[in-house]
Each structure stands twice: as structure tokens, then as C-alpha cells.
Amino acid sequence: MPSWFGRTRSAEPAPSRSKLRVGIPRVLNVWSTHQFWVGLFGALGVDPRNLVFSADTSEEQGRQFGKGRGTVDCCYPVKCATGHYGELIFGQREKLDVLFSPMIYTLPSFLSGHVARTLTCPRVMAAPENIKAGFLKEREVFADQGIHYATPFVSLDEPKLVPKQLFEGLREAVPGLTMEETARAVDAAYRALRDFNDRLRKKSREVLEWCAREERACLLVLARPYHMDPGIGHEIEVDLQAYGYPILWAQYFPIDDDLMQWAFGPDLAAGAIRSPFDIRDVWPSSYSSNTNEILWGAKVAARVPWIACVVRMSSYECGMDQPTYTPVQQIVERSGTLFFSFQDLDSTKPAGSVKIRVETITHYLERYAADIVARKKATMPPGCPLLSAGASAAPSETSPRSDCAGKAGARTTPERAR
Ligand code: SF4
């Protein structure tokens with residue numbers, strides 16, 4: 001076992017550490033890893049009140065803080081990061097000491113070990129370098145503002161590499177940092193991320209059990225983590241939830257063994273897959289982590305009767321999503337599940353068309369959801385563990401967004417000096 005798993009006595013952080021103000025742009029894969037960073041900086045002695053996440057993406061944010069600093073990337077989730085950087089640099093009442101934007105190379109996916117790789121999209125991985133360029137083109141903005149820009153390359157799905165990568169990337173930003181301390185903090189960070197994910201999966205399971213018991217339909221969202229950002233996903237799933245349909249996200253679907261063995265038992269018995277998390281039957285080139293989870297989500301939606309509808313979201317010009325449109329749709333529709341896709345999402349919420357689409361979806365659900373659930377139940381394997389669960393209260397809020405960084409100790413940019 002690597003030494004960083006060991007529980008050695010933690011050293012007192014240097015006094016200045018607790019005063020260190022660290023800003024993290026709330027962009028891209030930070031949406032699925034924020035608890036790792038909250039756990040890491042907490043373990044390094046940074047006061048949670050001094051860990052500042054930028055606000056959700058908005059046009060106003062881009063206009064006020066990102067104008068004139070755009071870079072060449074044509075993909076909106078990357079492009080809008082400029083506004084987040086600008087907000088953290090120019091929009092704080094109290095100046096930050098560090099702007100931390102990790103170059104995440106691999107993700108700690110629940111599919112890890114069952115798929116070829118868990119790589120991030122290259123545009124996402126390179127974004128911190130790309131966006132930085134917009135703040136250096138005329139003047140050295142970071143240096144002018146006295147902000148240390150830390151952008152460590154980090155392979156989050158290879159935990160043995162992470163302490164060294166983060167130590168190298170943070171040693172100049174965090175006073176008195178040692179390799180041993182970084183290793184302990186990384187250990188705490190993985191624990192924090194695991195606890196958060198477990199908590200959301202538990203909530204999702206409660207929702208599914210409630211749907212099974214009450215014969216109610218729910219919806220599954222298949223999208224990238226940053227589509228949880230209201231400025232990128234435009235809260236389409238929130239509009240649907242307002243009609244009373246519980247919403248689940250594939251990233252936080254329950255993965256308990258009883259449920260997985262039940263859902264994928266026939267495929268395992270037929271030898272089509274080697275584990276419930278194996279997607280080789282539908283997506284052999286399983287290199288991209290978020291893509292893999294979308295494909296897996298389509299499979300799970302096809303197998304769980306109470307998921308009556310899948311809502312797919314993707315951003316304008318997304319080269320990673322493009323090849324997945326057909327397979328995802330086919331997997332879902334062949335099971336008799338409703339499928340609706342919102343593609344080419346960009347900066348502006350197409351409010352009118354979203355409203356019409358949402359009304360269309362709810363119309364189909366009102367009309368067909370009960371039949372869809374009944375048909376899927378008729379062909380499901382016996383012994384569904386969702387049906388044997390005890391009573392629980394009706395689900396309230398199920399969106400992962402409601403439990404994200406802003407409510408987990410760290411703080412969203414609260415007061416912008418506008
Ligand atoms: S996955 Fe798609 S939307 Fe996301 S950064 Fe890559 S190309 Fe852009």
C-alpha cells in the first residue's frame with residue numbers, strides 16, 4: 001500500500017496558510033471533481049471561507065469579466081471559462097492569492113477498470129493553458145494582480161501519481177508545502193469526493209425506490225458534468241422537474257451491487273459484458289471518461305422500467321458527443337423509452353424553443369409514461385431490488401447541483417466588486 005494511504009499525524013499548517021485565498025473557476029470537470037478540491041485545500045489548512053468558486057456561467061459574467069480576452073476555442077464550455085477567470089481576478093472585494101485551475105487528464109470514474117481509459121476531452125484538459133493566454137496578451141495580468149496561477153497537470157484516475165503532480169504544481173503557491181503533507185491531503189481529497197458521490201447515489205436510489213413503489217416515472221439526464229451549470233445546460237431539467245417528474249443524472253446513478261447484478265444479470269449470463277460497468281457491447285472505443293458514462297447511462301436507462309424518458313444534452317460543436325448521438329438514441333429507443341435531445345446548446349438559452357420542447361416532453365410523458373413503465377416492467381428480470389425496499393418519503397430535490405461546491409463548505413463568489 002502506498003505510504004500516502006497511511007494515517008500519520010497531521011502537522012499544524014503554517015499560520016499564513018489559513019489566510020491564503022484560493023479561487024477555483026467553476027468550469028468543465030470541476031463540476032464533477034469539486035469535492036476533491038474542497039477536500040484537498042481543507043486538508044492543507046486553507047480556511048473554507050477563503051476557497052472561492054466563481055459563480056455559475058452567465059452572459060453577464062462573460063460580458064463583464066471576459067470581454068476582449070477570448071481565445072480561439074470554438075466550444076462554448078471552454079470559451080466561457082474566460083469569464084470565470086476574469087470574475088476571480090477582477091471581481092473580488094478581497095483579492096485572491098492563488099487562482100487554481102487544474103489540467104485534469106484522467107477522471108476517477110466509477111467505470112474505471114471496466115473501460116479502456118478515463119481520459120478527459122483534450123479541449124477540457126488544455127483549457128487552463130488556452131484561457132490563460134487571454135490574460136497575458138497585453139500585460140501579465142496574474143503578476144500585475146499579485147495572483148499566483150497554479151495549473152497542475154493531474155491524473156485523477158491514477159491516485160499514485162497525484163501527490164507528486166499536485167506537490168509540483170502547488171509548492172510555490174502554498175507556503176511550506178511538503179510532499180508528505182500533500183500525500184495526506186490527497187488521501188483526504190479522495191475520501192471527500194467518494195463521500196459526496198456516495199451521498200448523491202444514495203439519494204438517486206431513494207428516488208428510484210419511490211418511483212418503483214408509487215408506479216411513477218422519472219427522467220434520466222445524459223450530459224457532461226458541466227451541463228449542470230445553469231449557463232451551459234440552461235436548466236432544462238429544472239423546467240422538467242417543475243412538472244413533477246423526478247430527475248436523475250447518469251453520473252450519480254446508484255451503483256449498488258444488488259441493483260447492478262439485477263439490471264445487467266442477463267447480459268452477464270449471456271457473456272455480452274464482463275461486469276455491469278463494461279460497455280464494450282455498445283462502445284468499444286471507451287477512452288473518454290464522460291463519453292463512457294453517457295453510454296453506460298443509456299444502457300441503464302434501457303433496463304430500468306421507471307426511467308420513462310431520457311433527456312440528452314450537448315454543446316455546440318462538441319466533437320466528442322457527435323459520434324455518440326446515434327448509438328445513445330438507439331439504445332434508449334429500442335427499449336421503448338422516450339428520448340429527447342437538446343443539441344448545440346450555446347451561450348444563449350433558446351427560451352422559446354426550450355419551453356415548447358419541455359411542453360412536448362411532458363405531453364408525451366403524461367400520455368405514455370404509464371404504458372412505458374408497464375411494458376418495461378413486463379420484460380425486466382425477476383427480483384428487482386427497487387421493489388423490495390421499505391417506505392421512504394417522496395423525493396424532493398434530486399439535482400446534483402443542489403449539493404455542489406457552494407453548499408459544501410467552500411464558497412461561491414458572493415460579492416462581486418461591480
Ligand atoms: S467534450 Fe465537447 S463540449 Fe466538452 S470541451 Fe470537449 S468538445 Fe467541448
- Item | Diffusion constant of the chain at 25 °C, which comes from Stokes-Einstein with the Kirkwood Cα-pair radius and 0.890 mPa s, µm²/s | 110
- Message: Placing one identical point scatterer on every Cα of the stretch 65-143 and ignoring solvent, what is log10 I(q)/I(0) from the Debye formula at q = 0.23, 0.27 Å⁻¹?
- Response: -1.07, -1.32
- What nm distance separates the two modelled labels at ALA143 and LEU387, each placed 7 Å from Cα along Cα→Cβ? 6.9
- Message: If you restrict to DSSP beta bridges whose two residues both lie in the chain, what percentage is antiparallel, to the nearest 5?
- Response: 5
- Item | Alpha carbon centroid spacing (whole Å) that separates the stretch 48-109 from the stretch 288-329 | 27
- Query: Largest first, how would PHE41, PHE339 line up by accessible area (1.4 Å probe)?
  - Reply: PHE339, PHE41
- Message: At a threshold of 8 angstrom on Cα-Cα distance, excluding pairs fewer than six apart, so keeping six or more, what relative contact order does the chain reach in percent?
- Response: 22
- Task: Give me Rg over Rh for the stretch 149-205, both radii from the alpha carbons and Rh done the Kirkwood way, two decimal places.
- Result: 1.09
- Here the Cα Rg-to-2.2 N^0.38 Å ratio for the stretch 199-400 is 0.97
- Query: Counting only protein chains, not ligands or nucleic acids, how are LYS349, LYS19 ordered by accessible area (probe 1.4 Å), most first?
  - Reply: LYS19, LYS349
- Hey, can you rank 23-30, 371-378, 123-130 by average C-beta count inside 10 Å, highest first? 23-30, 123-130, 371-378
- Note on the structure: Answer in debye to the nearest 20: the dipole magnitude of the stretch 93-171 about its Cα centre, from +1 Lys/Arg and -1 Asp/Glu charges placed on Cβ, is 100
- Query: What ranking, highest mean first, results for peptides 214-223, 58-67, 160-169, 305-314 when packing means the other Cβ atoms within 10 Å averaged over each residue?
  - Reply: 305-314, 214-223, 160-169, 58-67
- the stretch 197-285: Rg to Rh, with Rh as the Kirkwood radius over Cα pairs: 1.02
- Message: Rounded to two decimal places and with Rh computed the Kirkwood way over Cα pairs, what is Rg over Rh for the stretch 149-253?
- Response: 1.14
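The values are calculated or read from the model by the stated rules, or taken from the named source; none is laboratory data. Bear in mind that the values here come from a model prediction, so they are computed numbers and not experimental data. Using ideal geometry, Cβ is built from the backbone for each residue, glycine included, and neighbour counts are taken over all protein chains shown. Surface areas here come from the heavy atoms of the whole protein model, side chains and all, with no ligands, DNA or RNA. Shrake-Rupley method; radii C 1.70, N 1.55, O 1.52, S 1.80 Å.
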